[in-house]
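Report on the structure given below.
Every number in this text was worked out from the coordinates using simple rules, so none of it is lab data. Keep in mind that what you see is a predicted model, and the values were worked out from it rather than measured. Counting neighbours? That spans all protein chains shown, and the Cβs are built from the backbone with ideal geometry, glycine included.
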Amino acid sequence: MNTYLEKAKVLIEALPYIQRFNRKIIVVKYGGSAMVDEELKRSVIQDVTLLKLVGFKPIIVHGGGKEISRWVSKVGMEPKFINGLRVTDKETMEIAEMVLGKVGKSLVQLVEGLGVKAVSLSGKDGGLLKVEKKYSKGEDIGFVGEITDVDPQILYDLLEKDFLPIVCPVGLDKDFNTYNINADDAACAIARAVNAEKLAFLTDIEGVRRDPEDPKSLISELHVKEARELIANGNIGGGMLPKLNNCIDAIENGVSRVHILDGRIAHCLLLEIFTNKGIGTAILGEGEENYYDGK
Ligand SMILES: Nc1ncnc2c1ncn2[C@@H]1O[C@H](COP(=O)(O)OP(=O)(O)O)[C@@H](O)[C@H]1O
Ligand SMILES: CC(=O)N[C@@H](CCC(=O)OP(=O)(O)O)C(=O)O
């Protein structure tokens with residue numbers, strides 16, 4: 001087929017999605033390989049910037065776990081995790097906050113370079129994320145926060161003024177002490193608080209596998225009931241466990257669409273949002289059917 005015609009077809013295919021998501025909030029949890037590889041980083045930022053320019057209201061919530069570990073090691077300490085959460089003493093907290101701040105600004109720089117106004121902030125700003133100390137199965141893991149309250153006003157104000165908000169997972173407790181938050185938890189809590197139309201987690205795997213060892217067992221559409229069964233049967237492990245729990249939490253608390261996407265695929269966000277092709281795993285609420293057929 002004529003390549004010009006093909007390009008026009010791709011744009012026309014995007015039309016209903018542009019209409020559906022016009023002025024709607026989409027929360028993107030950005031982390032994993034897509035954060036470390038410069039090419040992938042650029043492609044994610046291009047995607048989010050495009051979403052903004054066609055009239056959506058994206059919010060980025062970013063991680064940076066690998067970068068924090070690199071800096072913790074650089075100062076001669078050993079990065080330590082318990083059940084997927086970083087053991088965060090005072091010094092580690094200081095490093096984490098510095099690194100996450102730097103990551104946020106690097107994302108602002110890329111977005112601004114593409115002609116969109118962006119602001120990076122942490123959960124400390126405008127009282128966005130309030131936390132209490134989190135214990136891991138009763139164990140003290142330091143300054144790790146469980147989100148107790150979200151005040152999204154600062155995000156609405158930024159969106160209203162047409163900025164793209166870029167949030168890092170740091171918050172304050174009731175005594176205004178600084179806490180480190182798992183970035184998936186932060187993305188889910190924010191998506192819930194703003195009633196996001198979509199929450200997309202970019203990660204390092206093609207999606208949820210029925211069998212963790214078998215790449216061919218990718219589940220394209222996963223109902224919460226089955227997700228709970230997979231968890232109960234021990235089929236979900238590692239970092240996928242808190243991620244999937246956050247997906248269930250989001251879909252049951254007002255977020256319309258929740259996805260786990262393969263951040264190693266360039267432009268995975270655009271492919272998921274603007275084409276009829278399913279990519280990654282869509283988490284479906286009770287009674288929802290055939291997401292990709294009716295997309
Ligand atoms: N059933 C499963 N399906 C997919 N991934 C799984 C499953 N069980 C365990 N995992 C692991 O979870 C990882 C994803 O979590 P994680 O690496 O923490 O993500 P991120 O760094 O993006 O937050 C996968 O790379 C995989 O090793
Ligand atoms: C408490 C806790 O573990 N916080 C995380 C925050 C960053 C994060 O979650 O980054 P990724 O999404 O890239 O893993 C950490 O210190 O690594």
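Can you tell me which of 56-63, 9-16 comes out highest on packing, and rank the rest after it, using the mean Cβ neighbours within 10 Å?
56-63, 9-16
Please report, in whole Å³, the volume per residue of the convex hull around the C-alpha atoms of segment 114-271.
Residue-normalised Cα hull volume stands at 133 Å³.
For a quick check: sort 216, 134 by the number of other beta carbons within 10 angstrom, fewest at the front.
Ordered from fewest to most neighbouring Cβ atoms within 10 Å, 216, 134 come out as 216, 134.
Cα to Cα, under 20 Å, and not fewer than 8 places away if on the same chain: which aspartates and glutamates meet these conditions relative to residue 216?
Straight-distance partners of residue 216: 204, 206, 226, 229, 262, 272.
In nm², what is the average projected area of the convex hull enclosing the Cα atoms of segment 149-238?
8.1 nm²
Regarding the chain, what whole-number volume in Å³ per residue does the convex hull of its Cα atoms give?
Per residue, the Cα convex hull of the chain comes to 136 Å³.
How large is the Rg to Rh ratio of segment 1-125 when both quantities use alpha carbon positions and Rh follows Kirkwood?
1.09
Equivalent ellipsoid semi-axes for segment 135-182, as square roots of 5 times the alpha carbon gyration tensor eigenvalues: give them largest first, rounded to whole Å.
28, 11, 9
Please go through the residue pairs 57/124; 74/117; 90/137; 105/161; 117/198 and name each one whose alpha carbons sit more than 24 Å apart in this structure.
74/117
Cut-off is 10 Å between beta-carbons; in what order do 214, 185, 151 appear when sorted fewest neighbours first?
214, 151, 185
Averaging sequence separations of C-alpha pairs under 8 Å and six or more residues apart, then dividing by the length of the chain, give the relative contact order as a whole percent.
21 percent
I'd like the Karplus ³J(HN,Hα) series for segment 133-145: coefficients 6.51, -1.76, 1.60, θ = phi - 60°, whole numbers in Hz, and an x wherever there's a Gly or Pro.
Working through the residues one at a time gives 4, 9, 10, 9, 6, x, 8, 6, 10, x, 7, 10, x Hz.
Semi-axes of the equivalent ellipsoid of segment 200-290: what are they in whole Å, largest first, if each equals the square root of 5 times a C-alpha gyration tensor eigenvalue?
Value: 19, 16, 12 Å, ordered largest first.
Enumerate the whole-percent occupancy of each 10 Å bin, from 0 to the last occupied one, for all C-alpha pair distances of segment 97-183.
18, 43, 29, 9, 1
Given a Förster distance of 35 angstrom, what is the FRET efficiency for residue 195 paired with residue 98, based on the Cβ-Cβ distance and rounded to 0.05?
0.60
When the helices in the chain are scored as -39500 (n - 2.57) per DSSP H run of 4 or longer and the sum is shared across all residues, what 222 nm value do you end up with, to the nearest 500 deg cm²/dmol?
After summing the helix terms and dividing by residue count, I get -12500 deg cm²/dmol.
Mind checking the dipole of the chain: about its Cα centre, +1 per Lys or Arg Cβ, -1 per Asp or Glu Cβ, Debye to the nearest 20?
With only Lys, Arg, Asp and Glu charged at Cβ, the dipole is about 640 debye.
Which percent of Cα-Cα pairs in segment 156-201 sits in each 10 Å bin, short to long?
Reading the bins upward from 0: 22, 48, 28, 2.
Can you list the HN-Hα couplings for segment 6-22, worked out from phi with the Karplus curve (6.51, -1.76, 1.60; θ = phi - 60°), rounded to whole Hz and with x for Gly and Pro?
Values, residue by residue: 4, 4, 4, 4, 4, 5, 5, 4, 6, 3, x, 6, 4, 5, 4, 9, 4 Hz.
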